[in-house]
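The structure under discussion appears below in the form of structure tokens.
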Amino acid sequence: MPASILVGAQWGDEGKGKITDLIARDFDVVCRYSGGANAGHTVVVGSTKLALHQIPSGIMYKNCLAVIGNGCIVDPTVVLQEIETLEGEGVSCKNLRISGKAHLVMPYHKVLDGAQEVLRGDKHIGTTKRGVGPTYSDKMLRIGLRVQDLLDETVFKTKLADTLTYVNALLEHVFHMPTYTVQQICDEYLPYAKRLAPYIVESTLLLHEALDNKQSILFEGAQATMLDIDHGTYPFVTSSNCTAGGATTGSGVGPTQINRVIGVAKAYLTRVGSGPFPTELTDEDGEKLRQVGAEFGVTTGRARRCGWYDAPVVRYSAQINGLTDLAITKLDVLSCMPTINICVAYDCAGKRYTSVPEYEHLFECAKPVYETMPGWNCDISNVRTFNDLPQQAQDYIARIEELSGVRVSIVAVGPDREQTINRSW
Ligand code: GDP
Ligand code: IMO
Ligand code: MG
């Protein structure tokens, strides 16, 4: 089993942290390949609950190497804080490695993220304000600073001076905001450089060494298919390729090394931030899902928008990511619903679609077509084998498999690592 990819199949917060933590025990390396501190992955082991933003969830296993790949962006303040929190909880970070090619989130990126949102007015994206869009923009503009630049003070200062010429012009003349000096940023970032230096590596070489030594790699996706810059609900997306394809460019490991791609999907659906969401529930059922499912953002604390399971979205994810497996999480939350709706198609501008339409304007007006299934009305959080689930819950999972064409290998019935039904992973 050389390499597998775990990817969000909906709009994020599907429980990727939990499923990564669950299956990471079978892998030697867990590698994040895209995104930055916009991610918030929750891992619950017994009485310990951790929210990971930058560090791969594999850090929980002491024999697992946790790699932040080249496709990620790195906010030194968040990484250092996370190391401190983890070590405070008794989780060693000696196995953390950070790619020298990953781009650095700078203080001005976070300022610009906020300022751009204000400028968008009622068309705001609802970003996490972690500087993600501006950092990836600078990468594409080829004026970004990379993690490796922290290793040489002169290089860091020279590159920063060049970048600030552009950034300060933007801050001063477009946003009418205070500018930055090289010294000001060096005063903050150079002390971080010292602390981060032991973790910085050539991660692509390291991953290939692992593969050469017959070790296995799990790529831990952040964000999700519908937030992907190319395949998501543009412009209400993040700024990276969070889909499975991103795992190869974001790590330097070729596609022929990947033999399994697991999509993580909630048994219902949530979304944070703006953008289309055909099955959104703005009534008391939506509120019930939010309360019972504790649907509040790990990174920003925002209330998540809640709705019914959208089968065309997951089928689309199955295609885009080449899913071989599905993990369905939070099935226990649906125990609160006497009947359960499942969206099987959309009506858009007078036409029926069984897949996500290509054009933004069509998806924006998509009206869900529902099938209704009976609920099971009992607590399932202690169930550990599929056949012990109530028949209605088994039928619900079977319908998800049928509609997506992908086998459900894992069913999660609670936040803890142990609250899981492993069918065939
Ligand atoms: P991620 O970003 O995809 O890792 O997901 P988040 O951590 O942002 O959000 C998922 C939330 O659901 C977290 O609070 C998890 O602890 C919790 N969770 C994960 N799986 C389950 C499950 O099967 N049942 C319940 N009740 N909670 C779960
Ligand atoms: P995990 O990995 C849910 C959303 C934001 C916003 C849009 C753009 O925990 O699933 P950004 O800050 O990336 O520029 O915001 O993307 N978003 C997420 N939503 N889970 C996430 O990560 C997200 N990361 C970004 O809410 O709508
Ligand atoms: Mg999350």
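Data table
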{"quantity": "Residue count for the range 304-329, restricted to those that are of a type in the set (S, T, N, Q), within 14 Å of ligand 1 (Cβ to nearest atom) and either in a helix (DSSP H, G or I) or more than 16 Å from the chain's Cα centre (by Cα) (or both)", "calculated": "1"}
{"quantity": "Residues being under 17 Å from residue 271 (Cβ atoms) and aromatic (Phe, Trp, Tyr) - total across the range 198-253", "calculated": "2"}
{"quantity": "Residues being in a loop (DSSP other than H, G, I, E, B) and closer than 13 Å to residue 43 by Cα - total across the range 402-420", "calculated": "5"}
{"quantity": "Complete set of residues in the range 370-401 that are part of a helix (DSSP H, G or I) and under 17 Å from residue 326 (Cβ atoms)", "calculated": "386, 393, 394, 395, 396, 397, 398, 399, 400, 401"}
{"quantity": "Matching residues in the range 14-42 - criterion: being surrounded by fewer than 19 Cβ atoms within 10 Å (Cβ to Cβ) and in contact with a strand residue (DSSP E or B) (Cβ under 7 Å, 6 or more places away or on another chain)", "calculated": "28, 42"}
{"quantity": "Candidates 86, 96 - the one that is surrounded by fewer than 23 Cβ atoms within 10 Å (Cβ to Cβ), in contact with a strand residue (DSSP E or B) (Cβ under 9 Å, 6 or more places away or on another chain) and hydrophobic (A, V, I, L, M, F, W, C)", "calculated": "86"}
{"quantity": "Selection from the range 104-147 of residues that are within 16 Å of ligand 3 (Cβ to nearest atom) and in a helix (DSSP H, G or I)", "calculated": "132"}
{"quantity": "Residue list for the range 36-49, filter: over 12 Å from residue 299 (Cα atoms) and within 10 Å of ligand 1 (Cβ to nearest atom)", "calculated": "43, 44, 49"}
{"quantity": "Residue count, the range 213-223 (criterion: within 15 Å of ligand 3 (Cβ to nearest atom) and either at positive phi or not aliphatic (A, V, I, L, M) (or both))", "calculated": "3"}
{"quantity": "Residue count, the range 282-292 (criterion: surrounded by fewer than 21 Cβ atoms within 10 Å (Cβ to Cβ) and touching a helix residue (DSSP H, G or I) at 6+ places or on another chain (Cβ under 7 Å))", "calculated": "2"}
{"quantity": "Pair list, Cβ < 6 Å and 6+ apart or interchain, from the range 9-22 residues that are in contact (Cβ under 8 Å) with a residue 24 or more places away in the chain to residues that are within 7 Å of ligand 2 (Cβ to nearest atom) and of a type in the set (S, T, N, Q)", "calculated": "12/223"}
{"quantity": "So residue 366, is it in contact with a Ser or Thr (Cβ under 6 Å, 6 or more places away or on another chain) and of a type in the set (Gly, Ala, Ser)", "calculated": "no"}
{"quantity": "Close pairs from the range 41-53: first without any contact (Cβ under 8 Å) to a residue 40 or more places away in the chain, partner within 11 Å of ligand 3 (Cβ to nearest atom) and of a type outside the set (A, V, I, L, M), Cβ under 9 Å, at least 6 apart", "calculated": "52/17; 52/40; 52/41; 52/42"}
{"quantity": "Residue match in the range 369-379 (condition: more than 24 Å from residue 279 (Cα to Cα), more than 25 Å from the chain's Cα centre (by Cα) and not hydroxyl-bearing (Ser, Thr, Tyr))", "calculated": "yes"}
{"quantity": "Whichever residue in the range 43-83 is in a loop (DSSP other than H, G, I, E, B) and more than 18 Å from the chain's Cα centre (by Cα) and, among such residues, is surrounded by the most Cβ atoms within 10 Å (Cβ to Cβ)", "calculated": "64"}
{"quantity": "Number of the exception - residue 177 against (1) out of contact with any Gly (no Cβ under 7 Å at 6 or more places or on another chain); (2) of a type in the set (A, V, I, L, M, F, W, C); (3) surrounded by 20 or more Cβ atoms within 10 Å (Cβ to Cβ)", "calculated": "(3)"}
{"quantity": "Top-ranked residue of the range 2-23 - restricted to ones that are among the hydrophobic types (A, V, I, L, M, F, W, C) and over 18 Å from residue 253 (Cα atoms), ranked as nearest to ligand 2 (Cβ to nearest atom)", "calculated": "11"}
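A quick yes/no check of all residues on (1) loosely packed, with under 12 Cβ neighbours inside 10 Å; (2) of a type in the set (A, V, I, L, M, F, W, C); (3) farther than 30 Å from residue 417 by Cβ:
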| site | (1), (2), (3) |
| --- | --- |
| 347 | no, no, yes |
| 352 | yes, no, yes |
| 355 | no, no, yes |
| 358 | yes, no, yes |
| 363 | no, yes, yes |
| 366 | no, yes, yes |
| 373 | no, yes, no |
| 380 | no, yes, no |
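Readers should treat all values here as calculations from the given coordinates under stated rules, not as data from a laboratory. From a predicted model like this one, the values you see are computed outputs, not experimental measurements. Cβ coordinates were reconstructed from backbone atoms using ideal geometry, including for glycine residues, and neighbour counts include every protein chain displayed.
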